[in-house]
Each structure stands twice: as structure tokens, then as C-alpha cells.
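Asks: Before we start, here is the structure in question, set down as C-alpha cells.
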Amino acid sequence: MSRLGMSRLGSRLHADIALLVAAAVWGLAFVFQKSAMDHIGPLTFIAARGAVAALALTPLALREHRRVAASGRWGFWTIAVMGGIAFFIAAWLQQAGIRTATVTNTGFLTALYVVITPFIAWGWTGKLPNLVVWPAVGLSAAGTWLLGGGTLQAFSHGDILVALSAVFWAVHVVITARASPYARPVGFTAVQFAVVGVLAAAGAPLFETITPEGLRGAAVSIAYVGLLSSALTFTILTVALQHTPPSEAAVIVSLETVFAALAAYVLLGERLTPIGWAGAALILGATLLLQLWPALAARWQRAAPSR
């Protein structure tokens with residue numbers, strides 16, 4: 001293999017390892033999100049998380065702004081604010097849900113956004129989803145049912161909120177895709193987290209009691225989720241996608257649900273029943289099916305003999 005080929009292979013391997021680290025950071029973040037609820041309310045946590053992430057990303061966003069042409073400025077701000085609103089709603093539902101939902105259930109139920117996203121895109125653009133979406137929906141529905149022990153009544157109120165948050169995470173994914181033509185990924189994320197922080201800070205005093213003791217108790221969780229799970233991992237994702245194909249990156253990142261379950265098992269002593277693990281496997285399988293199918297279909301098409 002040529003030196004150039006080895007260099008590309010090494011860059012891709014490093015990118016894949018970086019994405020795996022990001023997935024582990026995101027999976028572990030669910031544990032910190034839950035532990036923070038012992039000290040502060042969901043909106044207070046989201047406000048602090050948004051502020052920390054926005055401040056950490058601002059220097060990078062300003063440097064990016066100087067490199068990118070200012071065309072389409074108002075369109076960029078509109079889509080960034082929309083992304084922030086969708087992120088805020090999704091994060092609020094998820095954070096409120098994780099108070100009573102287990103970390104394991106939260107990880108796998110949040111992953112349902114992958115199956116929901118094609119339908120949100122369908123409603124947004126009018127483009128019909130790929131046919132592979134339908135078996136993925138069936139797998140997800142069966143997996144959700146099994147995750148609840150074979151009955152949806154076993155799900156807590158928190159589980160329902162987390163599952164609902166997956167709808168808004170899907171909306172956020174579609175909005176983020178619409179922001180790509182502006183070529184300002186760091187700026188988009190910085191503005192998004194600023195919007196999240198402002199909205200949560202406005203609502204927190206109305207619905208929650210904020211105390212210095214509570215903020216101190218949740219400081220480690222806020223720092224982890226704001227700096228590592230938000231600012232750092234986003235930067236890792238941006239850099240890694242320059243070397244790793246999106247389909248491959250999506251598969252690696254989807255392992256965050258596995259890392260969440262592993263972290264909950266080791267740190268919190270959470271356990272799933274065998275039927276629950278079967279459901280989790282089906283949800284993960286539906287996620288991988290949607291992410292891998294385009295690449296597999298393209299490979300089969302190239303390999304098919306021409307007529």
C-alpha cells in the first residue's frame with residue numbers, strides 16, 4: 001500500500017476511534033443527567049448546560065465566522081434559533097423523563113429518533129422515506145414493547161416523556177441538516193446552545209426552586225454534560241466526519257445506547273430482564289438497519305452485473 005493510502009487509512013482509523021470515544025462520552029452523559037436531578041430541576045440543569053456549552057464554543061464559532069462569507073446571514077440565524085428551540089423542547093422532555101426513567105431505558109428510547117427522523121423529513125420536504133423505514137418501524141415498535149416487559153403499562157411517566165423527546169430530537173436532526181449549506185457548524189451549535197440556555201433560564205425560576213447548594217451539588221454533572229458531552233464531542237464529530245463516511249460514523253455514534261446501558265449497569269446497578277434486553281436489541285437493530293441500508297444498497301448496486 002502506498003504511503004498516501006496508509007496515511008488515509010490511519011486518519012480514518014483515528015477518526016473512528018474518536019467517534020467511539022464520543023459515543024462513550026454521550027452514553028455516560030445519561031448517568032450524569034440523572035444524578036443531577038438529585039440536586040436541581042430539569043430546566044435549571046438545561047440552562048446551565050446550554051450556557052457552559054455556548055461559552056466553550058464561542059471562540060471557535062468566532063474564528064469560523066471570520067473564515068466564512070457572510071452571505072445568507074439572516075437565514076443562518078433563523079435556522080440556528082429554530083434548532084435551539086427544537087433542542088430545548090427535546091432536552092426538557094428527556095431531562096424531565098430521566099428523573100423517573102432508568103438510564104438504560106432513556107438511552108434506548110431516545111434512540112427511537114433515528115426511526116422517526118425519516119417521517120419528520122417527509123413532512124418537512126415531501127420526500128417519501130425509503131422503504132426500509134417500514135421494517136425498522138416494526139422492529140422499533142416490537143423492541144419498545146419488549147423493553148417494557150411485554151406491556152406498555154410497565155413504562156413510567158418518565159419513559160413516556162423520553163419517548164416523546166425522540167420526536168423532537170428527530171425534528172432537531174432535520175433542522176440541523178437544513179443548516180449545512182451555511183457551512184457554519186460550530187456557529188450553528190454555539191447559537192443553538194445559547195438559545196437553549198436562554199429559554200431554560202427563563203423558565204427555571206417559574207417552575208423550579210434554584211439554590212446555590214443545588215447548583216454546587218450538580219456542578220460536576222453540569223461540567224461533564226456542558227463541556228464534554230456537548231462542546232467537546234461536537235468538535236470531535238465535526239473533525240471525524242472529514243475522514244469517516246457518514247454512514248459509518250452514524251453506526252459508531254449509535255453505540256452510545258450500549259455505553260449508556262453499560263454505564264447504568266456498572267455505576268447504578270440497573271438491570272434489564274432478558275425480555276427487556278431483547279427489546280433493546282431490536283431498537284438498536286432498527287437503528288443500525290436505517291443507517292447501514294443506504295451504503296449496503298449502493299454496494300449491491302455497484303456489484304450487480306450490468307445488462
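Asks: Limited to the stretch 125-150, what total is found for residues that are closer than 17 Å to residue 170 by Cβ and either among the hydrophobic types (A, V, I, L, M, F, W, C) or part of a loop (DSSP other than H, G, I, E, B) (or both)?
Replies: Residues that pass the stated criteria total 12.
Asks: Among the residues of the stretch 287-301, are any part of a helix (DSSP H, G or I), modelled with pLDDT of 80 or more and under 25 Å from residue 92 (Cα atoms)?
Replies: no
Asks: So is residue 16 more than 27 Å from residue 180 (Cα to Cα) and either of a type outside the set (Lys, Arg) or modelled with pLDDT under 90 (or both) or not? I'd like the intermediate steps shown before the answer.
Replies: Values: more than 27 Å from residue 180 (Cα to Cα): no; either of a type outside the set (Lys, Arg) or modelled with pLDDT under 90 (or both): yes.
When the stated conditions are applied, residue 16 does not pass them.
Asks: Among residues belonging to the stretch 20-72 that are basic (Lys, Arg) and modelled with pLDDT under 90, point out the one that is surrounded by the fewest Cβ atoms within 10 Å (Cβ to Cβ). Can you show your working first?
Replies: Quick first cut of the stretch 20-72, residues basic (Lys, Arg) only: 34, 49, 63, 66-67.
Then keep just the ones that are modelled with pLDDT under 90; that gives 63, 66-67.
Details: 63: 11, 66: 6, 67: 8.
Only one residue tops the list, namely 66.
Asks: Just a yes or no: is a residue in the stretch 207-230 without any contact (Cβ under 8 Å) to a residue 40 or more places away in the chain, among the hydrophobic types (A, V, I, L, M, F, W, C), more than 13 Å from residue 49 (Cβ to Cβ) and assigned to a helix (DSSP H, G or I)?
Replies: Checked the stretch 207-230: no residue is without any contact (Cβ under 8 Å) to a residue 40 or more places away in the chain, among the hydrophobic types (A, V, I, L, M, F, W, C), more than 13 Å from residue 49 (Cβ to Cβ) and assigned to a helix (DSSP H, G or I).
Asks: Could you please find all residues in the stretch 86-124 being closer than 12 Å to residue 173 by Cα and of a type in the set (A, V, I, L, M)?
Replies: 86, 90, 114, 115, 116, 120, 121
Asks: Right, another one. Using beta carbons and a limit of 7 Å, which pairs, at least six apart or on different chains, have the first residue in the stretch 259-272 and at positive phi and the second one among the small types (Gly, Ala, Ser)?
Replies: none
Asks: Quick one: count up the residues across the stretch 112-164 that are surrounded by fewer than 15 Cβ atoms within 10 Å (Cβ to Cβ) and modelled with pLDDT of 85 or more.
Replies: 1
Asks: Also, quick follow-up: Being in a helix (DSSP H, G or I), farther than 20 Å from residue 104 by Cα and at pLDDT 90 or above narrows it down to one residue among 186, 167, 191; which is it? Break it down stepwise before answering.
Replies: Values: 186 fails: at pLDDT 90 or above; 167 fails: farther than 20 Å from residue 104 by Cα.
Just a single option satisfies the conditions, and that option is 191.
Asks: Sticking with this one: Mind listing whichever residues of the stretch 172-190 are within 17 Å of the chain's Cα centre (by Cα) and under 16 Å from residue 50 (Cα atoms)?
Replies: Selection gives 172, 186, 188, 189, 190.
The values are calculated or read from the model by the stated rules, or taken from the named source; none is laboratory data. Given the structure is predicted, the values throughout are model-derived calculations rather than measurements. Counting neighbours? That spans all protein chains shown, and the Cβs are built from the backbone with ideal geometry, glycine included.
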